[in-house]
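The block underneath contains the structure these notes are about, expressed in structure tokens.
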Amino acid sequence: MHTPIRSVTPASANVEVIGWIHELRDLGGLTFLLLRDRTGILQVTVNRKKAPAGVLAALAIISRESVVRVRGPVKAIDKAPGGREVTPEVLELVSPCATPLPLDVVEKVPAELDTRLDARFLDVRRPRVTAVFLIRSMVLQAVSEFLWERDFVQITTPKLVAAATEGGTELFPVAYFDKEAFLNQSPQLYKQMMMAAGFEKVFEIGPIFRAEEHNTTKHLNEATSIDVEVSFADQEDVMRLLEELVAAVYRKVGETCAEPLSWLKKELEVPATPFPRIPYTDAIEIAARRTGEPLKFGDDFGAAAEKALGEEMGTHYFIVDWPTAIKPYYAMPYSDRPEFCRAFDLMHPRMELSSGAQRVHQYDLLAAQIRSKGLKPESFEFYLNPFRFGMPPHAGWGLGAERLVMTMLDLQNIREAVLFPRDRHRLVP
RNA sequence: GCCCAGGUAGUGUAGUGGCCUAUCAUGUCGGCCUGUCACGCCGACGACUCGGAUUCGAAUUCCGACCUGGGCGCCA
């Protein structure tokens, strides 16, 4: 059984390690071989005069990024990386690596994102890229744990759906036997239906699809959405849940991902809660003042406005009390001022992370709001019908997993937070 | 979709009409080297996105196509 490289210490006696040849430094009588697995890098030192013939034979044929197996005693050596090195008694080429490499795994020369994505499997071998995905994995684990601890039920909802019902974005049409179908833009309608099913607290982590032809560093055509819906809750309840979740995820990553964070040279700061709440009307004023743009009530925030607000706030913050007119039909208007609704966006200084709301749970009001958006209630009766049979008041949000990781790690392009991003021009690999 | 900037060895780059038989680094291959850690040294290999045009001469100028990056819009 082989030992993860992280666990090889100067106190280890005899170890077997398997990994990729990260670097080879042949000094003549002495060869240093850096072996890498996903947990770290280990120096293997071959002394030409003392090494067994089998080791020398293997050394002659191995090249960078080949997979090799090494067995031998561990020595504490101050001069070696990590203070330890292995002197191999066995060195075996397990799987050879072709040359030339499509990109430089040791990052002596950089590679452009496009080159990296074309050879993603190799790109991800680089510790700084491995780190992003180890952390992403922990983010999703931390989200699940946080929600499970609070009695949430994890659900999975269809990604193939019958109609473009939610509005606001373009959908991908797909052939579904003899019917027209679409890839779902979000689990919104289904998670609301689960409120009628009596689950009270549900969450889903899953893919969402948007057919927008955007070309930016923060949009994807396939993204991962963390969706939550809670019965007997209002928008304030789920905002508290959301800010606590974000802080908990940062805390968990900070506690458990010290090594990947160090590869990224990233010091995580847990954002202070509660996050500031800023009403939409104030946000418009601030953005208008700081950008000089003539923003008015009913406008959405463009890139410049979003940036200006981020600079003003300097931390995570909520924009609350949005105009009903620019939020989806399922957002609950305030009864005493129906031009505003109980919707919020969670913002990071760089971009929007999440949007949510208390939902409309009254059938008649929901049907009316659907009509007022120019949609036909008849065309998605499957969603509306549950509202006639004891739908509890509820609230929820959707949080972009890639954006959460991207802002946490200061990634410049959202594609860095996805193994195989789907964007306007990329469908392969 | 709009605007801007680009496309040169496997990778990342230099180059602005002849001095390009194209720079540098990294890499690969060969040689030397017993403590490297971006090892060092010597030698070799390897590229101008495609199609037209201008010109005595084009990597370099012009037109078109394709591709990429960034910004904006749309969107979350």
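The values are calculated or read from the model by the stated rules, or taken from the named source; none is laboratory data. Computed from a prediction, not measured in an experiment: that's the story for all the values here. Cβ coordinates were reconstructed from backbone atoms using ideal geometry, including for glycine residues, and neighbour counts include every protein chain displayed.
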field: Residue that is at positive phi and either of a type in the set (S, T, N, Q) or outside the structural domain of A:Gln235 (by TED's automatic domain parsing) (or both), where the choices are A:Gly298, A:Gly310
entry: A:Gly298
- request: Only residues that are farther than 19 Å from A:Gln141 by Cβ and among the β-branched types (Val, Ile, Thr): list them for the range A:210-230, please.
  value: A:Thr216, A:Thr217, A:Val230
statement: How many residues of the range A:341-350 are surrounded by 20 or more Cβ atoms within 10 Å (Cβ to Cβ) and in contact (Cβ under 8 Å) with a residue 40 or more places away in the chain? The answer is 6
task: Give the residues of the range A:300-310 that are surrounded by 16 or more Cβ atoms within 10 Å (Cβ to Cβ) and either more than 9 Å from RNA strand B (Cβ to nearest atom) or assigned to a helix (DSSP H, G or I) (or both), sorted by residue number.
output: A:Ala305, A:Glu306, A:Lys307, A:Ala308, A:Leu309, A:Gly310
query: Filter the range A:387-410 for residues that are surrounded by fewer than 19 Cβ atoms within 10 Å (Cβ to Cβ) and not small (Gly, Ala, Ser); which is nearest to A:Glu269 (Cα to Cα)?
result: A:Asp410
message: Which of the numbered conditions does A:Glu378 fail, given that it passes all the others? Conditions: (1) acidic (Asp, Glu); (2) modelled with pLDDT under 95; (3) within 16 Å of RNA strand B (Cβ to nearest atom).
response: (3)
message: Restricting to the range A:107-143, and then to whatever is among the acidic types (Asp, Glu) and part of a helix (DSSP H, G or I), can you tell me which residue is surrounded by the fewest Cβ atoms within 10 Å (Cβ to Cβ)?
response: A:Asp114
- request: Could you tell me which of the residues A:Thr130, A:Thr99 is at pLDDT below 95, more than 14 Å from RNA strand B (Cβ to nearest atom) and at negative phi?
  value: A:Thr130
- request: Quickly run through the range A:361-384 and pick out the residues that are surrounded by fewer than 13 Cβ atoms within 10 Å (Cβ to Cβ), more than 34 Å from the chain's Cα centre (by Cα) and in a helix (DSSP H, G or I).
  value: A:Asp364, A:Arg371, A:Ser372, A:Glu378
query: Pick from the range A:160-196 the residues that are touching a Pro at 6+ places or on another chain (Cβ under 8 Å) and away from RNA strand B (no atom under 16 Å from the Cβ): which of them is modelled with the lowest pLDDT?
result: A:Glu180
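A quick yes/no check of all residues on (1) closer than 30 Å to A:Lys179 by Cβ; (2) within 14 Å of RNA strand B (Cβ to nearest atom); (3) touching a residue at least 12 places away in the same chain (Cβ under 8 Å):
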| residue | (1), (2), (3) |
| --- | --- |
| A:Met138 | no, no, yes |
| A:Glu145 | no, no, yes |
| A:Trp148 | no, no, no |
| A:Pro158 | yes, no, yes |
field: Every pair of residues 6+ apart whose Cβ atoms lie under 8 Å, when the first sits in the range A:21-39 and is on the phi > 0 side of the Ramachandran plot and in the same structural domain as A:Ile62 (by TED's automatic domain parsing) while the second is of a type in the set (Lys, Arg) and within 8 Å of RNA strand B (Cβ to nearest atom)
entry: A:Gly28/A:Arg48
- request: Quick one: count up the residues across the range A:311-336 that are in a helix (DSSP H, G or I), surrounded by 18 or more Cβ atoms within 10 Å (Cβ to Cβ) and under 26 Å from the mean Cα position of the chain (by Cα).
  value: 1
